[in-house]
Amino acid sequence: MAIATLYAVFYVGGDAFSSLVLVSGVVCVTLAASGMKETHLIGIVNSLSYAYLAFNEGLYGEFALNTLFYLPMGVIGYFTWKKHSQGTFVAMRRLSTQRMIQLAGFLVVSITVVYGLLSQLPGQNLSFLDAVTNQFAIVATLLMVMRFREQWFFYISLNVLMIVLWSMRFMDDSSAADSMIVMWVIFLANSLFGFVRWTRLAPQTA
């Protein structure tokens, strides 16, 4: 992952600010996949920088997500994981099938509402895709803070969708898109690693 990050920063292009988003994001998700509480501190840096970038790209759902949700959840997540850490790593859990079904129902409703709101904003790009990624990110983050393995189902889906979103921005000649595509590809690889690791270390169902 370190090699991939260096490649992205020095060879992919984009400005220094995009590189900050990329590096902080990769470090954040690598620590999360490993189950280390420091992921939440790095996540605060990533949220602030990514929010600024998203606002400039007309992705207002992403901007709101990072400023109004990720920032406070970074603080909450750090202290929650600190409380439930076993040495260096957090204690991991699994979610029941019933709760997964309830989450699916919540997502259908929330995506519909957020899409309706975003589609009314002037200058908003890719309203439906922005709404879907926004809500997937919220669910994944809540599951992560609560230490559930199933966060990775949503992160994997989210990463694929974000690659699609930034690929569309790339075709619109966005200057930040190339770095963001690389970042989300690295996120996807980390999510797959996280799913394997958390599946192995989270035997119980909640």
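Residues in the range 22-37 carry Karplus couplings, in order, of 4, 5, 5, x, 5, 4, 4, 6, 5, 5, 5, 4, 7, x, 9, 5 Hz; the curve used is 6.51 cos²θ - 1.76 cosθ + 1.60 with θ = phi - 60°, and Gly or Pro positions show x.
For the range 133-140, putting each phi into the Karplus relation 6.51 cos²θ - 1.76 cosθ + 1.60 with θ = phi - 60° gives couplings of 5, 4, 6, 4, 5, 5, 4, 4 Hz, in residue order, rounded to whole numbers and with x for Gly and Pro.
Estimated translational diffusion coefficient (Stokes-Einstein, Kirkwood radius over Cα pairs, 10 °C, 1.306 mPa s) of the chain: 92 µm² per second. Under a model in which nothing but the beta-carbon of Lys, Arg (+1) and Asp, Glu (-1) is charged, the chain shows a dipole of about 1160 debye around its Cα centre. Helix content alone sets the calculated 222 nm mean residue ellipticity of the chain: runs of n ≥ 4 DSSP H residues at -39500 (n - 2.57) each, divided across all residues, give -24000 deg cm²/dmol.
Amide H to amide H distances under 5 Å link S85 with A91, where only residues 5 or more positions off or on other chains count and H is placed in the peptide plane.
Once C-alpha pairs closer than 8 Å and six or more residues apart are averaged by separation and normalised to the residue number of the range 46-130, the relative contact order reads 32 percent. Between the amide H of E150 and those of L95, distances stay under 5 Å, these residues lying 5 or more places away or on another chain, with hydrogens modeled in the peptide plane.
For the pair I101 and R200, the difference between a 0.36 nm per residue extended length and the Cα-Cα distance amounts to 33.4 nm.
Evaluated on the range 88-181, the Kirkwood hydrodynamic radius is 14.7 Å, with distances taken between all distinct Cα atoms.
Ordering T97, F136, F195 by the projection of their Cα atoms onto the charge dipole of the chain, which places +1 on the Cβ of Lys and Arg and -1 on the Cβ of Asp and Glu, puts T97 at the extreme positive end. Extending 7 Å from Cα along the Cβ direction at S167 and again at F89 yields two label points whose distance is 3.3 nm. Each Cα pair under 8 Å and six or more residues apart adds its separation to the average, and for the range 121-203 the resulting relative contact order is 28 percent.
For the chain, the relative contact order is 28 percent, taking Cα pairs closer than 8 Å that sit 6 or more residues apart in sequence and dividing their mean separation by the residue count.
Here F17 and S119 are evaluated by their C-beta separation; at R0 = 35 Å the FRET efficiency comes out at 0.80.
Every number in this text was worked out from the coordinates using simple rules, so none of it is lab data. What you are looking at is a predicted structure, and each value in this text was computed from that prediction instead of being measured. Cβ: placed from backbone, ideal geometry, glycine included. Neighbour counts: every protein chain shown.
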